Amino acid sequence: MKEVISFPHLGDYYIPISKLLRNLTGKKVIPAPPITKKTIELGSKYAPDTVCVPFKYNLGNYIETLENGATILFQAGGGCRYRYYAEVQEKILKDLGYKFRFFKLVSHDHIRVLETYRLFKELNNKLKFKTFIKEMLHALFFIYYMDKIDMIIRKNIGFEVTKNSFKNLKKEMLKEMEEAKSTFRLMHIYKIYKKKFRHLKVKKPKDTLKIAVIGELYTAMEPFSTYFLEENLASMNIEMKRFTNVSYLLWQKAFLTRYMLFRSRKYCKYTLGADGLDNVYRILYAKRHHFDGVIHTKPFGCTPEIGAIPIIQKAAQDAAIPILFFSFDSQTSEEGVKTRLEAFYDLIKIRKEKQ
């Protein structure tokens, strides 16, 4: 039987991840389909009730992709309770009668190069270590350039003159990056499209509203999990900054942790687990950089963020910066999200006009 690889969906990151898995294994790769209501319904049906929502999304992804013919599943692992997802999800899926092999990329909260190489060598016995390193670096640069462009987009998309100009240009860029054969070609594409994004027509007032989006990593990076929060903010002509992306999680966070702990020492004497400390620091960052408001997102049941919220509230109160909290689960109403966003928009707009 022909082997087919799949993995959970996560925004546009499925493109570089698919490319990496295809090049390392030489096997067919089918990413999980874009997340819908059906995905969360499937995951909620078979997952424990009290588990955090990303677990349910991932489980729903796996069921959908197994039904589409996947025989090998990947899970990243690491972090908070996320480090236990793989074992529990594998057990649930096998109890449901699915036949597959399951691989976990991260053990002990860190990617170990030799351990990961041996994992892929098991799937492709012709894989050379030199090729493995080359493809891993290529994927890291792909993700890094994606994240850099996304920062430009969030800053300007709410003010585009031609509707969907940023979205369409990004699709074009990702297609070219996916077809790039070398890292030098990736770099060249990034430089070209960086200029193109800078030259897109925008009509941006000087007194634009600025919002910092903080919170748990999954709800930050998977648009459907927050009912497309960033698209809604853009439609309100708001400039956004979102801190968490894959580049940040893979290498930037490790270098910044000591600095964030130092800057947040009034509120935190130690790290809070997952992104708890990061989000306390981001309140102070938002104050220093004159943001008009902060939106904190998390899945229902996210223990590190629940522990961090009272500290975040205190920091926001001291900084005199408005903050809106969202906790998402399978029962969250899209209309409820939009209503609360509109009320928050009115609040920060009136506040800015008074100032």
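The C-alpha atoms of the chain define a longest principal axis, and helix 165-179 lies at about 30 degrees to it. Which residue fluctuates the most in the chain, going by a Gaussian network model with Cα springs under 10 Å, if the choices are 239, 122, 305? Comparing 239, 122, 305 in a Gaussian network model of the chain, the most mobile one is 122.
Per-residue ellipticity at 222 nm, computed for the chain from helices alone with -39500 (n - 2.57) per DSSP H run of at least four residues, works out to -17500 deg cm²/dmol.
Using heavy atoms of the protein chains and a probe of 1.4 Å, the accessible area assigned to residue 101 is about 80 Å². DSSP beta bridges fully contained in the chain are about 5 percent antiparallel.
Heavy atoms only, probe 1.4 Å: what % of the accessible area of the chain goes to carbon and sulfur, would you let me know? With neighbouring chains kept in place, the figure for the chain is 57 percent. Under 5 Å from the amide H of residue 324 lie the amide H atoms of 294, 295, 296, each residue being 5 or more positions distant or on a separate chain, with H modelled from the backbone and absent for Pro and chain starts. For the range 75-149, the relative contact order works out to 27 percent when only alpha carbon pairs closer than 8 Å and six or more residues apart are counted. Among 260, 136, the order of accessible area from largest down is 136, 260, computed with a 1.4 Å probe on protein heavy atoms.
Taking each residue as 0.36 nm, the span from residue 269 to residue 98 lengthens on full extension beyond its C-alpha to C-alpha distance by 56.9 nm. With only the Cα atoms considered, the range 147-205 has a convex hull volume of 66 Å³ per residue. Hydrodynamic estimate: the Kirkwood radius of the chain over Cα pairs, inserted into Stokes-Einstein at 37 °C and 0.692 mPa s, corresponds to D of 152 µm²/s. Residues with beta-carbon under 14 Å from that of residue 96, excluding residue 96: net charge, scoring Lys, Arg +1 and Asp, Glu -1? Local charge sum for residue 96: 0. With point charges of +1 on the Cβ of Lys and Arg and -1 on the Cβ of Asp and Glu, referenced to the Cα centre of the chain, which listed residue (132, 227, 103) lies farthest in the positive direction of the dipole? It is 132, whose Cα lies furthest towards the positive end. The residues neighbouring residue 259, those whose beta-carbon lies less than 13 Å from its own, together hold a net charge of +4 under the Lys/Arg +1, Asp/Glu -1 convention. Rounded, prolate or oblate for the range 250-312? Axes are the square roots of the Cα gyration tensor eigenvalues, ordered a ≥ b ≥ c, and the cut-off for rounded is a/c under 1.5. Rounded, because the longest to shortest axis ratio a/c is under 1.5.
Accessible surface calculations at 1.4 Å, restricted to protein heavy atoms, place the chain at 51 Å² per residue. Summarising the amide proton neighbourhood of residue 330: residues at separation of 5 or more, or on other chains, whose placed amide H is nearer than 5 Å comprise an empty set. Using the Cβ of residue 316 as centre and a radius below 14 Å, the other residues enclosed give a net charge of +4, where K and R count +1 and D and E count -1. Evaluating 6.51 cos²θ - 1.76 cosθ + 1.60 at θ = phi - 60° for every residue in the range 308-319, the Karplus couplings come out as 7, 4, x, 6, 4, 4, 5, 5, 5, 5, 5, 7 Hz, glycine and proline recorded as x. The overall shape of the range 76-213 is prolate: from the C-alpha gyration tensor, with semi-axes ordered a ≥ b ≥ c, the ratio a/c is 1.5 or greater and a/b exceeds b/c. Ligands, DNA and RNA aside, residue 80 has an accessible area near 50 Å² when probed at 1.4 Å.
Heavy-atom accessible surface of residue 303, to the nearest 10 Å², is about 90 Å², with a 1.4 Å probe and all protein chains retained. 3J(HN,Hα) along the range 234-239, derived from phi through the Karplus expression 6.51 cos²θ - 1.76 cosθ + 1.60 where θ = phi - 60°, amounts to 4, 5, 9, 6, 10, 7 Hz, with x in place of Gly and Pro.
The values are calculated or read from the model by the stated rules, or taken from the named source; none is laboratory data. Because the structure is a prediction, the values reported are computed rather than measured. We place every Cβ from the backbone using ideal geometry, glycine too, and count neighbours over all the protein chains shown. With ligands, DNA and RNA removed, areas are computed over all heavy atoms of the protein, side chains included. Shrake-Rupley method; radii C 1.70, N 1.55, O 1.52, S 1.80 Å.
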